[in-house]
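As structure tokens, the structure follows; a few thoughts come after it.
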Amino acid sequence: MDELFKRIARWGQGKTEPPYTVQLHLTNNCNLSCGFCPTVSLKNENEVDYSEELSREKWIDLVEEGERLGVEEWHICGGGEPLIDKELALDLMERIKSYGARGELVTNGTLIDDRTAKKIVKMNWDHVSVSIDGPDKETNDGIRSQGSFEKAVNGAENLSRYRKGDGPQPLPSLLFLTSTVFDFTLKPNLAVETVLCSENHDKVVDMVRLTSDIGFDEIRFNTLNIWNEVGEKLAMDISEVHTLKKELKKAGEVAKEVGVGMSVADNFKAEDLKENIDTAREMGRLVGLLNSLGGENG
Ligand code: SF4
């Protein structure tokens, strides 16, 4: 963090500084077809030419250039699903970790098989977010893609299992002496990312329980970005937001009970719900518009 502030200060003085964080959108392709996703809309309209995506060599060059510049943090996320080309993603992640940078991955989780989970844990990757939008098959698959719940939960459980077995395990007697010197937090930190919408607004307590059941550390409740008609239909009305706020209170208590971290998008915290939800919708449309020009999904 210190380094980040130093770079900002130097920018403020008009000096040129290299980027602190780089976000990689490895592909616009995805193995799922969630209705609200712009990648899917473009795919359906045959507007994506995957042959124009960067080659493996270009991606490696880019990470190597980042290392030379001193990039401290890498976020690997959408356009599409970054693990579509698993070997490419894992290779880049290993390169990032091998020079000591911090790494985050956002994935739909469905492609995390045993081997992938083991590799992610072994390389000491820092953070993985898995997108799950419902606590059960019916809710999640209704919002995302048919069959995605089972696969995402399975991928998430693979990560938890390998982290439990293969993560850094300090001897308890040494923990007190060393905890201020070394970071023994289990890696990667594991988060469920859930987009709040009309179909899951009353299921947030169960989402927290699911997060705990699959052995994840935290759940992040996010705002829906509206890209298309499906997104419009998923947007909550004002009474649903009222219900959501009540349920979030309960979810917060359950999260404390079960030891899961929970964060909620700012849009759902304000007192003035009417203005709040209008703002959330407008923000969702705006973010959707910006992202449709080349942005990030989950
Ligand atoms: S929202 Fe994510 S998982 Fe779903 S189709 Fe789009 S990129 Fe794939």
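Scoring residue 46 on the criteria (1) surrounded by 13 or more Cβ atoms within 10 Å (Cβ to Cβ); (2) at positive phi leaves a single failure, condition (1).
For residue 8, the conditions (1) free of Cβ contacts under 8 Å to residues at least 60 places away in the same chain; (2) within 16 Å of the ligand (Cβ to nearest atom); (3) of a type outside the set (Gly, Ala, Ser) are fulfilled apart from (2). Candidates in region 123-147 are the residues that are closer than 14 Å to residue 189 by Cβ and touching a strand residue (DSSP E or B) at 6+ places or on another chain (Cβ under 7 Å); of these, the one that is surrounded by the most Cβ atoms within 10 Å (Cβ to Cβ) is 128. In region 12-116, counting only strands (runs of 3 or more DSSP E) that sit wholly within it, the ones holding 2 or more residues that are β-branched (Val, Ile, Thr) and within 16 Å of the ligand (Cβ to nearest atom) span 102-107.
Readers should treat all values here as calculations from the given coordinates under stated rules, not as data from a laboratory. Since the structure is predicted, the reported quantities are computational estimates derived from the model, not experimental observations. In this analysis, Cβ positions are derived from the backbone assuming ideal geometry, glycine residues included, and neighbour counts consider all displayed protein chains.
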